[in-house]
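Taking it in order: structure first as structure tokens, then the write-up.
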Amino acid sequence: MSKKEKIPVHRMDDWLARVYLKSFGAVKPFGPSYEISAPHRHDFYYCVLLDEGEMELEVDFQKIGLGNNSLFLSYPGQVHRIISANLKRGWFLAFDPAIIDEQLRNILDQCLSEVMIIPMDKERSAELSAFIGHLDSVYHDPDERFRKQVVQSVVTAFIYRVASAYLSKEQMELTTHPARNVEITKAFRLILRQNFRSMKRPSEFAAKMNITVSHLNDTVKSVTGFPVTYFIQQEAMREAQRLLRYADLSVKEVAQSLGFDDAQYFSRLFRKVLGVSPTEFRITGEDADIY
């Protein structure tokens, strides 16, 4: 591979109301320039509602499979690609984070999973499809006087329904944990996602949350099975993998962009977390057949 190209970023451009909506089969996702096998990242949320069919994706180097009656939501900034798709009935929806209210953004950012995957029964899948079908009728109606405002409001309502379904699923998985512990863990994850470049020590998060370091660490570990340091390192190394694989930056530049003043320390941490050095990780990616 010659000089590495920067990772493609698919942006909202001039999409109506900062929203993109298409049913399966209408067009190739996001238009003719969208390459199904090319890794890329978005500056928007990306949602797939799959009523019928199969889809395999790779999100931040992890493979994800979707089947009938399932929903997938990825976050802005994640690197992903579609590996294969047999799409019969369903929808693609993308939307700018700016169109949803702060409360909803915080709900999404506090989810304990890195991607939102919701398996559903046929009734719930049909309900959400009907919801998005109503959105589609407004989205493509040029005579609707307040089309932009209605579209953005309906998208927000739809994502609230999606978040509700996900949180119900998440709550069932966390029933053995005290509600306060789950609340603290979610608050920590929200702060981490928003500040991982500038905050590196558990004490910084504990201070921001007005609790002791030991209480924060014990709480997070009791809910997730992992200490605070694990999540701090994982969040930084996840972005490091994206930049090393797809950006034309030196290891030192990657370290600096993530808030590490000492590139050697960054390299040691990367090897500790991933088992290979940053250079080895980059070389492996360049030689991989899928790229």
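State all residues of region 145-155 that are surrounded by 14 or more Cβ atoms within 10 Å (Cβ to Cβ) and under 16 Å from residue 15 (Cβ atoms); if no residue qualifies, say none.
Taking region 145-155 as the starting set, the residues that turn out to be surrounded by 14 or more Cβ atoms within 10 Å (Cβ to Cβ) are 147-148, 150-155.
Correct list: 147, 148, 150, 151, 152, 154, 155.
Only one residue in 50, 57, 87, 73 is in a strand (DSSP E or B), in the same structural domain as residue 154 (by TED's automatic domain parsing), under 12 Å from the mean Cα position of the chain (by Cα) and not basic (Lys, Arg), so which one is that? Give the steps one after another, and end with the answer.
Details: 50 fails: under 12 Å from the mean Cα position of the chain (by Cα); 57 fails: under 12 Å from the mean Cα position of the chain (by Cα); 87 fails: under 12 Å from the mean Cα position of the chain (by Cα).
Answer to the check: 73.
Which residue out of 90, 77 is small (Gly, Ala, Ser) and farther than 28 Å from residue 240 by Cα?
Numbers: 77 fails: farther than 28 Å from residue 240 by Cα.
Checking each option against the conditions leaves just 90.
Looking at region 60-70, which of the residues that are polar (S, T, N, Q) and part of a strand (DSSP E or B) is surrounded by the fewest Cβ atoms within 10 Å (Cβ to Cβ)?
Of region 60-70, the ones polar (S, T, N, Q) are 62, 68-70.
With the extra rule that they be part of a strand (DSSP E or B), the set shrinks to 62, 70.
Details: 62: 11, 70: 20.
Ranking the candidates gives 62 first.
Identify, from the list 262, 248, the residue that is surrounded by fewer than 19 Cβ atoms within 10 Å (Cβ to Cβ) and touching an Asp or Glu at 6+ places or on another chain (Cβ under 8 Å). Walk me through it before giving the result.
Values: 262 fails: touching an Asp or Glu at 6+ places or on another chain (Cβ under 8 Å).
Result of the check over 262, 248: 248.
Consider residue 130 carefully, then state whether it is under 18 Å from residue 65 (Cβ atoms) and among the small types (Gly, Ala, Ser).
no
Taking only region 172-190 into account, find how many residues are out of contact with any Leu (no Cβ under 8 Å at 6 or more places or on another chain), modelled with pLDDT of 85 or more and either hydrophobic (A, V, I, L, M, F, W, C) or assigned to a helix (DSSP H, G or I) (or both).
Residues that pass the stated criteria total 6.
Among all residue pairs at least 6 apart or on different chains, which show Cβ distances below 8 Å where the first residue, located in region 136-148, is under 18 Å from residue 96 (Cα atoms) and charged (D, E, K, R) and the second is part of a helix (DSSP H, G or I) and at pLDDT 90 or above?
Pairs found: 147/138; 147/139.
The values are calculated or read from the model by the stated rules, or taken from the named source; none is laboratory data. Keep in mind it's a predicted model, so treat the numbers as computed, not measured. FYI the Cβ positions are ideal-geometry reconstructions off the backbone, even for glycines, and counts take in every protein chain you see.
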